[in-house]
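The values are calculated or read from the model by the stated rules, or taken from the named source; none is laboratory data. Since this is a predicted model, take the numbers as computed values, not measurements. Counting neighbours? That spans all protein chains shown, and the Cβs are built from the backbone with ideal geometry, glycine included. All accessible areas refer to the heavy atoms of the entire protein, side chains included, with ligands and DNA or RNA removed. Shrake-Rupley method; radii C 1.70, N 1.55, O 1.52, S 1.80 Å.
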Amino acid sequence: MDEDIYLIVGELAAIALVGVLIFGAVFAITNSDTVVRKVHAKNIGLMINTLVGLPGDALVKYPDDVSDFSFVLTTKGVSVFKEGEPDCSLVTSSCEVEYFDLPESYKAEGTLLSKEKLCLQKTEQNIILRGCP
Amino acid sequence: MNRKGSAAIGEKYPFWLLFGFMIIIFFFAFGLLTGIYKNKLTKTPPELAVELITLRFINIPECFAFEEGEIVFPGMIDKQKFNEEQLHQCYKTDPEKGIKTFNFRLKLEGTGEELTTNNYFNHEDDKLTRFHEVLVRDGDKLHKDQLTIYVQEKIGQ
């Protein structure tokens, strides 16, 4: 009789544990901003390709509030992360990086740390990521 | 524990083994499906990406656009620039990882001239081909032509 009770309690505890793990995983996924980071990174990559493909100078504003994130633009790609997170080059980083291939003579640079408005400026063969004026 | 209790546990042991195994499989599958779902949510239509990347070929002087002084003529190709060297200055993918992004074969239909980016490999299955009506400037001569851009999508994972 006692053993049966122990078994039942053990089974219930195991089911409860599995339930907690599943809920925890679902909760983590729904609150995750991985998707948002990836969308920002891809959008900025597309905007940069568009700027490259247009002759002349231009200034474009990213149509979203990006104050939750920080951005670093280099000639190889753009990184999206949150301030205080590990460096993007680390495997453990949750940085999202979007790569692109610029013409050889082009340079891209700029950072934006937790500001609301992001702008991309093309001046001759330079593309600069910065806050909007 | 008496014999009856031991027997009860013994009967349940295969069940718990199977249960534990199924739970592990479940969590792996859950993680995999979550990753696939996230990738689906953030997928950019390749047609859009190709359209924006290929803008540069006919619009900017760093690629093939004709320029006179400071005036650039978008949509007009400078025949003197239409060569592999200029193409590689315009668009060059990473030598090792470049197959994981778009690569292109450009063809002027009028003259049959073809150029390929550094990681383009001949294949007949290009689905995202782009067509541009262009003017080609060859010295003082100007003629109409069609620039066909064959697109090689990412190869491998």
Inset, instruction - Take residue B:128 and decide whether it is closer than 20 Å to residue B:62 by Cβ and either surrounded by 14 or more Cβ atoms within 10 Å (Cβ to Cβ) or without any contact (Cβ under 8 Å) to a residue 12 or more places away in the chain (or both). - result: no
Legend entry - Candidates A:87, A:57, filtered to the one that is closer than 20 Å to residue A:127 by Cβ and not small (Gly, Ala, Ser): A:57
Inset, instruction - Select, from A:64, A:68, A:87, A:4, the only residue that is over 18 Å from the mean Cα position of the chain (by Cα) and open to solvent by 60 Å² or more (accessible area, probe 1.4 Å). - result: A:4
Inset, instruction - Spot the failing condition for residue B:57; the list is (1) within 9 Å of chain A (Cβ to nearest Cβ); (2) not in a helix (DSSP H, G or I), and only one is missed. - result: (2)
Inset, instruction - Might you check whether a residue that is within 28 Å of residue B:36 (Cβ to Cβ), aliphatic (A, V, I, L, M) and modelled with pLDDT of 90 or more occurs anywhere in the stretch A:73-96? - result: yes
Inset, instruction - For the stretch A:35-46, indicate whether the set of residues that are among the aliphatic types (A, V, I, L, M), open to solvent by 50 Å² or more (accessible area, probe 1.4 Å), within 12 Å of chain B (Cβ to nearest Cβ) and more than 16 Å from the chain's Cα centre (by Cα) is non-empty. - result: no
Inset, instruction - Can you tell me which residue within the stretch B:70-101, out of those that are assigned to a helix (DSSP H, G or I) and among the acidic types (Asp, Glu), is nearest to residue B:145 (Cα to Cα)? - result: B:84
Inset, instruction - Can you work out which of the residues in the stretch A:90-112 that are open to solvent by 80 Å² or more (accessible area, probe 1.4 Å) and of a type outside the set (S, T, N, Q) is farthest from the other protein chains (Cβ to nearest Cβ)? - result: A:90
Legend entry - Unmet criterion (only one of (1) of a type in the set (A, V, I, L, M); (2) within 29 Å of residue B:36 (Cβ to Cβ); (3) modelled with pLDDT of 95 or more) for residue A:51: (2)
Inset, instruction - Could you please find all residues in the stretch A:112-128 being within 15 Å of residue A:81 (Cα to Cα) and in contact with a Ser or Thr (Cβ under 7 Å, 6 or more places away or on another chain)? - result: A:112, A:113, A:114, A:115, A:116
Inset, instruction - Any residue in the stretch B:102-116 that's within 10 Å of residue B:148 (Cα to Cα): show its pairings with residues that are basic (Lys, Arg) and open to solvent by 40 Å² or more (accessible area, probe 1.4 Å) at Cβ separation under 8 Å, as long as the two are six or more apart or on different chains. - result: B:114/B:107
Legend entry - Exclusive hit being among the polar types (S, T, N, Q) and surrounded by fewer than 19 Cβ atoms within 10 Å (Cβ to Cβ), set B:93, B:42, B:54: B:42
